1. Report the net charge of residues surrounding GLU96, where surrounding means a beta-carbon distance below 11 angstrom and charges are Lys +1, Arg +1, Asp -1, Glu -1.
2. Name the residues whose placed amide hydrogens come within less than 5 Å of the amide hydrogen of ARG293, ignoring near sequence neighbours (fewer than 5 apart) on the same chain.
3. Mind putting a number on the dipole of segment 125-281 about its Cα centre? Charges go on the C-beta only, +1 for Lys and Arg and -1 for Asp and Glu, and I need it in Debye to the nearest 20.
4. For segment 2-363, report the accessible area per residue in Å² (1.4 Å probe, heavy atoms, rounded to an integer).
5. Find which of LEU254, HIS125, ALA330 sits farthest along the positive direction of the dipole of segment 2-363, computed with +1 on the beta-carbon of Lys and Arg, -1 on that of Asp and Glu, about the Cα centre.
6. Using every pair of alpha-carbon atoms in segment 280-331, split the distances into 10 Å bins beginning at 0 and state the percent of pairs per bin, rounded to integers.
7. Determine the sum of side-chain charges near TYR128: Lys and Arg each +1, Asp and Glu each -1, restricted to other residues whose C-beta is under 11 angstrom from that of TYR128.
8. With the contact rule set at Cα under 8 Å and sequence spacing of 6 or more, what percent relative contact order holds for segment 2-363?
Amino acid sequence: MQVSSLNEVKIYSLSAGRSLPEWLSDRKKRALQKKDVDIRRRIELIQDFEMPTVSTKIKVSRDGQYIMAVGTYKPRIRCFDTYQLSQKFERCLDSEVVTFEILSDDYSKIVFLQCGRFVEFHSQHGHYYRTRIPKFGRDFSYHYPSCDLYFVGASSEVYRLNLEQGRFLNSLQTDASESNVCDINPVHFLFAMGTAEGKVECWDPRTRNRVGLLDCALSSVTADTEIDGLPSVSALKFDGALNMAVGTSTGQVLLYDLRSSNPLIVKDHHYGLPIKSVQFQHQLDLIISADSRIIKMWNKDTGKIFTSMEPEYDINDVCLYPNSGMLMTANEAPKMNIYYIPVLGPAPKWCSFLDNLTEELEENPESTVYDDYKFVTRKDLENLGLAHLIGSSLLRAYMHGFFMDIRLYHKAKMMANPFAYEEYRREKIRQKIEETRAQRVQLKKLPKVNKELALKLIEEEGEEQQVTRKRKQKNLPSLLKDDRFKVMFENPDFQVDEQSEEFRLLNPLVSKISEKRKRKLKILEELEAQEQEEEEEPEGKASDAESSESSDDEKGWVEEVRKQRKLLRQEEKVKRQERFKEDQQTVLKPQFFEIKEGEEFRSFKDSAKKQKLMKKTLGDRLKLEEKLGTLNVSDTTVGSKQATFKLKKSEQQKKQQEAEKQHRQERKTLRRSASHLKSRHGRGRLF
């Protein structure tokens with residue numbers, strides 16, 4: 001048994017699996033069942049429910065006990081007894097059967113319309129009577145109140161055969177050139193026939209007059225449909241007193257209310273194939289329409305798809321078992337399919353065990369019908385070179401693609417891509433390598449910018465996590481994961497310059513720590529390069545980069561600071577020598593200037609020096625002042641800089657200082673002269 005599901009509707013195919021040949025003995029059949037698991041697990045609901053080659057029509061008697069099917073080759077009819085779950089009888093016929101009708105509640109009265117214009121009657125014991133109609137027939141219906149058979153076919157006339165009188169009655173003259181199907185309403189016995197021109201003519205059997213005409217061909221053409229040629233009526237079915245469903249040869253199903261000439265709804269199968277059968281399911285208000293490719297179930301009020309089925313072989317006829325969820329089909333294959341859909345209704349009483357079986361399957365779901373198929377899109381088919389198979393029986397249309405046999409898919413893929421096995425092998429090797437790598441220590445991905453800083457943060461974060469685990473505290477957020485600082489590890493402008501003076505003075509121990517970190521960073525980069533290779537390389541030995549070293553004490557820190565200062569002085573001395581050489585190599589050329597009116601002439605050297613100094617940056621001016629001795633730059637112990645400089649004096653300040661100096665000298669001379677006079681006067685008095 002196979003299970004498929006569409007729109008969450010489970011469909012159980014009861015005829016799936018291999019069938020055993022008829023000529024096998026019972027002993028060999030039992031031996032095969034013991035050896036083959038598929039044969040042992042298959043469900044044979046009705047024994048030998050098949051035809052030699054093809055089955056064309058299938059019907060159920062009104063009492064539900066007998067299932068009758070016709071097929072070829074040779075033309076025959078088979079009757080199956082559902083109470084015995086086996087074949088009741090088989091009768092061979094002289095010509096192929098176009099259609100047949102069961103007139104009684106059981107199999108005792110059957111009428112066959114055959115290809116050679118023959119109408120054959122069978123009773124319970126077998127063949128009863130045979131007659132012919134003037135033209136080839138295509139369908140017929142039985143009118144119970146008058147016991148008349150209405151035959152339609154390759155003629156404009158509808159032939160009437162009265163079974164009570166045993167003779168033909170006056171035929172009905174229609175406007176159609178040919179008629180394909182017909183049906184009689186079970187409530188008010190209105191006779192309707194579908195013509196090759198796409199029209200439906202309704203006749204009253206009591207007055208033998210036409211009472212209505214529907215143009216289904218015009219109504220079936222909508223804005224979304226594409227048709228080739230004039231649609232003809234290929235299926236016809238009444239539902240109750242007022243509803244009628246009409247199927248066309250271009251794949252449309254029209255639902256009519258007999259009180260209106262416009263259809264209530266138009267449903268397109270989108271295959272362009274003639275509609276073979278139309279059935280009504282009253283429990284869920286569904287219409288079951290089928291063409292040779294697909295069976296669709298849709299709501300008759302909204303047109304929404306309920307579910308659908310696509311058998312492996314073309315469909316010839318569909319029969320819905322009354323008041324149940326069982327569906328049977330006649331196919332272009334020996335085996336006739338049986339489907340059970342629990343949503344539509346319970347299983348028939350003669351196979352009530354299906355309900356328990358499906359309930360167990362729902363509890364333990366198994367593989368669905370699509371497990372042996374591969375879903376491919378139209379683009380996949382073009383890549384495989386199988387686009388020409390669209391429309392054939394090898395592809396089953398489903399949603400936006402197709403289902404195809406998995407074996408055909410593998411063969412086509414091998415032909416389209418002969419190196420697919422190598423790709424599969426590489427993928428398997430890569431998966432095994434990934435599995436082995438997962439057992440090793442996971443590498444830490446470092447950013448492209450400030451790798452050493454990121455490595456430092458990762459180490460500190462690991463140490464903090466160990467501390468927080470011991471103290472059972474919450475972990476603090478990492479700078480590497482913080483969006484506010486992510487630019488520092490992405491933008492190259494934020495790269496830390498480790499050669500700058502500030503960095504070297506503020507981080508006196510960076511040399512030793514950075515060396516350890518650089519060795520670790522190099523190891524990480526080598527491991528990342530190994531990961532990118534396709535094949536696995538043997539793992540290397542553990543590095544000694546992480547060997548434990550004692551931290552430096554305060555004395556080591558002072559020595560490192562002195563060492564860095566000495567290096568900085570040497571670098572500064574080399575820079576000064578280079579600048580001095582550049583100044584000596586520069587050659588000054590004479591320049592001529594014009595003095596503007598109202599300005600005093602001053603020395604060229606002073607003005608040129610001032611203009612040159614004004615054009616230079618502050619840093620260049622400071623360096624020049626330092627070179628001349630007017631500026632002194634020195635480093636402090638904490639790493640900052642201290643600058644002492646002398647202000648230049650203007651001419652007024654110089655004149656004022658000279659005047660003050662001269663004034664002070666004059667005052668000194670006056671004091672000296674005054675003191676000298678006093679000393680002389682004092683000595684005169686003493687003597």
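The values are calculated or read from the model by the stated rules, or taken from the named source; none is laboratory data. These figures come from a predicted structure and were not determined experimentally. Backbone-built Cβ (ideal geometry, glycine too); neighbour counts: all protein chains shown. Heads up: the accessible areas ignore ligands, DNA and RNA and are worked out on the full protein's heavy atoms, side chains in. Shrake-Rupley method; radii C 1.70, N 1.55, O 1.52, S 1.80 Å.
1. Numbers: positive: LYS57, LYS74, ARG76; negative: ASP94.
Cβ neighbours under 11 Å give a net charge of +2.
2. Correct list: ILE315.
3. Values: 14 positive and 17 negative charges, 136 e Å.
In debye, rounded to 20, segment 125-281 gives about 660.
4. Numbers: 16730 Å² over 362 residues.
Accessible area per residue, segment 2-363: 46 Å².
5. HIS125
6. Reading the bins upward from 0: 25, 55, 20, 0.
7. Working: positive: LYS109, ARG130; negative: GLU120.
With Lys, Arg at +1 and Asp, Glu at -1, the net is +1.
8. Working: 877 pairs, mean separation 44.4, N = 362.
About 12 percent, as a whole number.
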